[in-house]
Amino acid sequence: MGIFDTFFNKNKSGVNGETKTSVLAVLPEQIYESASLELQDVIAPSALKIEPKSINLGSKIARTFFIISYPRFLTDNWFSPIINLDKIFDISIFIKPIDTSIILRQFQKKVAEVQSQINMREGKGMVRDPMLDTSYQDLEGLRDSLIQAQEKMFDVGIYITVYADNELELFKIENEIKSMLESKLIYIKPALFQQEDGFKSVIPINTDLLNIHQKLNSEPLSSVFPFVSFDLTSDKGILYGINRHNSSLVIFDRFSLENYNSVTFAKSGSGKSYATKLEILRSLMFDVDVMVIDPEREYEFLAEAVGGRYFNISLSSDHHMNPFDLPIPREDETAEDVLRSNIINLVGLFRLMLGGLTPEEDSMVDRAISETYAIKDITPKSDFSNIEPPLLSDFEMVLGGMDGSNSVIARLAKYTKGSWSTFLNRPSNVDINKKFVVFSVRDMEDELKPVAMYIIMHFIWNAIRKNMKKRLLVIDEAWWMMKSEDTASFLYSIAKRGRKYYLGLSTITQDAADFMKSPYGVPIITNSSIQLLLKQSPTTIDILQKTFNLTDEEKYLLLESSVGEGIFFAGLKHVAIKIIASYIEDQIITSDPSQILLNKKAKEEQEAAGLAGK
């Protein structure tokens, strides 16, 4: 006997078997005397009151409805407004296939009846009845589809149970649902004097006691499918999370949008890196190359787990990137275009390195870069596949022969001869020919971090331009890039130009205020088709509300969200989302220090056990 049957099957019948309202309760003394507490005692309401039009479940009132009529055509997602209604309700859909041979015999009889009525009207000289003609055409069309096995017929029962705290609230919910459905010519009725059977038909015990069905063929039946998430559930892509409103899946492919960029805003500890690592892990399974600029060394274990490459960029690092490297031109580019673009980017780098340049110095640096390439026989007509790029010391030497360059040379010296020379004045020895590559700048001095991130982005950008492939570039803690106009400008240019090279730029930051202060902050957001807002702090929420046009409800949702919860935007649509991961994924991507220490200890014990075994 089921949990609810225990309550429903007692004291139901009155005199002569007449159904009457009953009040059933479980007394605490009975549970105490039986010395047992079963599952039904825990989840069942303390009392039930069955009435003709509703059921009282403790402090809640429930009413069950069934659909009795459909229009001639059902549009896609007609059920979506009901499923996404911000109310408490349960829905059960019972689908029973009908044998095609049986339904064809019934159709044959029905077609004959309709044809006979049409012939009788014609014989009497009556005006043609459009309803009869339409019915005949529909029946014949459906019969053809059934014979050709293009369609099947089903008995379909759809039952809805709504819950409220009082009769007035229940009445309002009922009218709201009726209005939504009747606007689509779909009609429902309450299960009068069958509320008990209706409630049992809706609870998840797979029992259809109402047994009120309509016949639907495959095509309209498919429109009932309830797995919708405000059009954010697509047929391809990766799982971003669960729709908090209706528990459907948020599945999306960033490479199906007009651009492939995304931005993520969240306060520290809200799960932004966790969500990003989860997207990376799932994207790698769909043949996407991923490159990460990691300012906090959070992606090292992920790189190790998936067989990627991890480069720790610092003054004492063995990994070097020469900013004067040149990519090989693509088929749609010339050597002159590549050289010019690289010179422009280098001028921006020197502005950043040297703390700004006067207009005269800017012009001089631009000319010196061109001459530095020229001394290595690199011109707009050169073959870049067989060249040896110059170094920063070569650039310094060229500057030394120019009038008025003393100030620039003095500021440049620390990068060529001082303690910072090990970082820049070396040939490149970094190979990023892997599916997953991470550049960590955690151990780089704070003063040099923007410079390091700019050079890494420049190096990655040159590698991306060599060949077109589906790629994702992740910039974590992007507020570092927004501190300087040159780095912010370079980041914005990648956001604008990345689509041409099949590149998606993922920008992540916890400091929304600093990000928005930059003149490139809002343009980067507007050039990102996907935005993810996780839990926010009160100090930044007003800025985000204005930027993303959030309602007050959405604003408070972000303030009150738990870790890994927020709002997911894709194009013009957005849903409340909860980021979820499997156990294995969680072990790989977690940023929880306690969990990381446990994993490290388990790894050390495993290695110790292996050595002991040897």
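Every number here is computed from the coordinates shown, using simple stated rules; none is lab data. Just so we're clear, the structure is a prediction, and the values are computed from it rather than from any experiment. Virtual Cβ from ideal backbone geometry, glycine too; neighbours counted across all protein chains shown.
What is the extension gain from Ala149 to Lys469, computed as 0.36 nm multiplied by their sequence separation minus the C-alpha to C-alpha distance, in nm to one decimal?
Extra length available between Ala149 and Lys469 comes to 111.0 nm.
Considering only DSSP beta bridges with both partners in the chain, what is the antiparallel share in %, to the nearest 5?
65
Can you give the FRET efficiency for Ser46 and Ala112, using 1/(1 + (r/R0)^6), R0 = 60 Å, r = Cβ-Cβ distance, to the nearest 0.05?
E between Ser46 and Ala112, to the nearest 0.05, is 0.55.
Roughly what angle does helix 538-548 make with the longest principal axis of the chain, taking Cα atoms, 0 to 90 degrees, to the nearest 10?
Orientation of helix 538-548: about 80 degrees from the principal axis.
Per residue of the chain, what 222 nm ellipticity follows from adding -39500 (n - 2.57) for every DSSP H run with n ≥ 4, rounded to the nearest 500?
Estimated from H runs of four or more residues: -13000 deg cm²/dmol.
At 7 Å along the Cα-to-beta-carbon direction for both Asp337 and Ser101, put a label point, then send me their distance in nm to one decimal.
Distance between the two pseudo-spin positions: 6.8 nm.
Using Cα-Cα distances under 8 Å and only pairs 6 or more residues apart, what relative contact order does the chain have, in percent?
16
At what distance in angstrom do the alpha carbon centres of the stretch 520-554 and the stretch 472-489 lie from each other?
Value for the Cα centre distance between the two parts: 17 Å.
Would you kindly state how much longer the chain becomes between Ser489 and Asp366 on full extension, computed as 0.36 nm times their sequence separation minus their alpha carbon distance, in nm to one decimal?
Length gained between Ser489 and Asp366: 42.5 nm.
Using the basic label-point model (7 angstrom from Cα toward the beta carbon), what is the Ser59 to Ser179 distance in nanometres?
2.8
Angle check, please: helix 272-284 long axis (alpha carbons) against the longest principal axis of the chain (alpha carbons), in degrees 0 to 90, nearest 10.
90
Can you flag which of Lys109/Lys189; Lys236/Lys267; Lys434/Lys470; Lys272/Lys469 are past 23 Å Cα-Cα?
Violating the 23 Å limit, Cα to Cα: Lys109/Lys189; Lys236/Lys267; Lys272/Lys469.
Determine the distance separating the Cα centre of the stretch 380-458 from the Cα centre of the stretch 184-215; give it in Å without decimals.
For the stretch 380-458 versus the stretch 184-215, the Cα centre distance is 72 Å.
For all pairs of alpha-carbon atoms in the stretch 163-266, what percent lies in each bin of width 10 Å, listed from the first bin to the last filled one?
11, 25, 34, 19, 10, 1
Work out how much length Asp165 to Val127 would gain on full extension: take 0.36 nm times their residue separation and subtract the Cα-Cα distance, in nm to one decimal.
8.2 nm
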